[in-house]
Amino acid sequence: MVVACGGGGGASTTDEGPSTASTSTGSGGSETSGVVPTTTSSTREAQLLYRQDFEAEGWEDEFTGRSTWENHVAVVTHEPHGGLRSLRGNQFADVIDPLTGLPGIGNALLDWRGAGHDIAERTPHQMYFSYWFRHDDYEYGSGNEGKLFYFVDANGCQLDAYFGGQLHKQDLAIAYNNGCMSNHWAHCTDSDEVCEACRADGTCDNWGYSTLWLQNPAVSPGPGRWRRFEYFIDYDERYFTVWVDGHLVADDERFMDGRIPYGPEREFHWKGFQLFYASTGDGRDYADCVDGEGVCAGWQIDDLEVWDGLPPR
C-alpha cells in the first residue's frame, strides 16, 4: 500500500554531470552504479511507503516545525528536479530570496514525519530514504558547510544522527554523536579504555572516529545541479549503506562493500528526517554569489521517498 504524499510522481531526470544520471519515478526505480548489499532480513519485494514531490497542495501538513520554516520556504517552479515544482529556501537569514520573496533562515527545521506518517512502525527491519537536493551556483567563503539532514529517532533521542557537509568542497560525513546515546563505539581505538568491552566480545569493527567520511571517485562537488542522496539501513544486520548520485560511497579504506556497521549498543529507529542546517548565523558557511543574477545561497529539495526495504536498483 502506498500512502499518497504528493503529486503524480511522474518520471524525472537529473542534470548530466560527472556522476551517473538517474531517473526517479513513483515506483522508485533508478539506474545506479556500485555494489548493492544483499537484502538479508526479508526476501519480499520492498514497498514504497511515502513520497513527496511538492506537485500538489497540502505538503505543509507532512512537516513538523512549522513555526520555524513557514515564512521562509515556498514551493517554486525554478529548475525543479521532477515535475513542475520543488521546495526552496535560502540559508542566509539577512537576505530576501529572489525566487520565493521570503527571508532566508539557516536552520529551517523541516521535519518530514507529520500527517500520519508512521515510518518507524512500517519499517521494523529495514528502511530506505532518498531525496534530491541542489544549491544555487555559489562558492563558500569558508570550509564549514553545515549539515544536509538529521535522522529523527523514535526511541527518545530525537536528532540522533546526521549527514554533515553539503558536497560543495568536502566529502560527505555521517555521525551519530548528536543525540543522547553514547558514540564511544564509533571512535574507540586500541589505546582507548572505552573499547575494552567491544574488543572483548569481538564487535570492534568500528569507525575509528565519531564521524565517518564517505567518498567515491565519481562523486565530486557540484553546486548548481541536483544531487540524489540515498540511505538504507538494516536494523537486523546492524549496518547502513549510502549512495550519492547512484554511486556507493564508503570510507577510503574500510567498508568498501557498502555495509557500514554501527555500534552494538545503539537502538535507534528512524521515524523522520529533518532537512537542512547551515551555520550562517555565526559567520560560517558564508557564500559568495557567482551566478551574476542574484540567485545565491538558495537550496531546493524534491522527490522524497521512504521504502520499507531496498527498492529495485
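So the values come out like this:
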{"quantity": "All positions within segment 49-76 that are small (G, A, S), in a loop (DSSP other than H, G, I, E, B) and surrounded by 14 or more Cβ atoms within 10 Å (Cβ to Cβ)", "calculated": "A56, G65"}
{"quantity": "Residue match in segment 272-285 (condition: open to solvent by 10 Å² or more (accessible area, probe 1.4 Å), modelled with pLDDT of 90 or more and closer than 30 Å to R85 by Cα)", "calculated": "no"}
{"quantity": "Given (1) buried (at least 19 other Cβ atoms within 10 Å of the Cβ); (2) at pLDDT 80 or above, number of the condition I174 does not satisfy", "calculated": "(2)"}
{"quantity": "Subset of segment 77-107 that is under 12 Å from G298 (Cα atoms) and aliphatic (A, V, I, L, M) - its residue that is most open to solvent (accessible area, probe 1.4 Å)", "calculated": "I96"}
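The values are calculated or read from the model by the stated rules, or taken from the named source; none is laboratory data. The shown structure was predicted, so the numbers you read here are calculated from the model rather than taken from an experiment. Here Cβ is always computed from backbone atoms with ideal geometry, including for glycine, and neighbour counts include all displayed protein chains. Heavy atoms of the whole protein, side chains included, go into the accessibility calculation; ligands, DNA and RNA do not. Shrake-Rupley method; radii C 1.70, N 1.55, O 1.52, S 1.80 Å.
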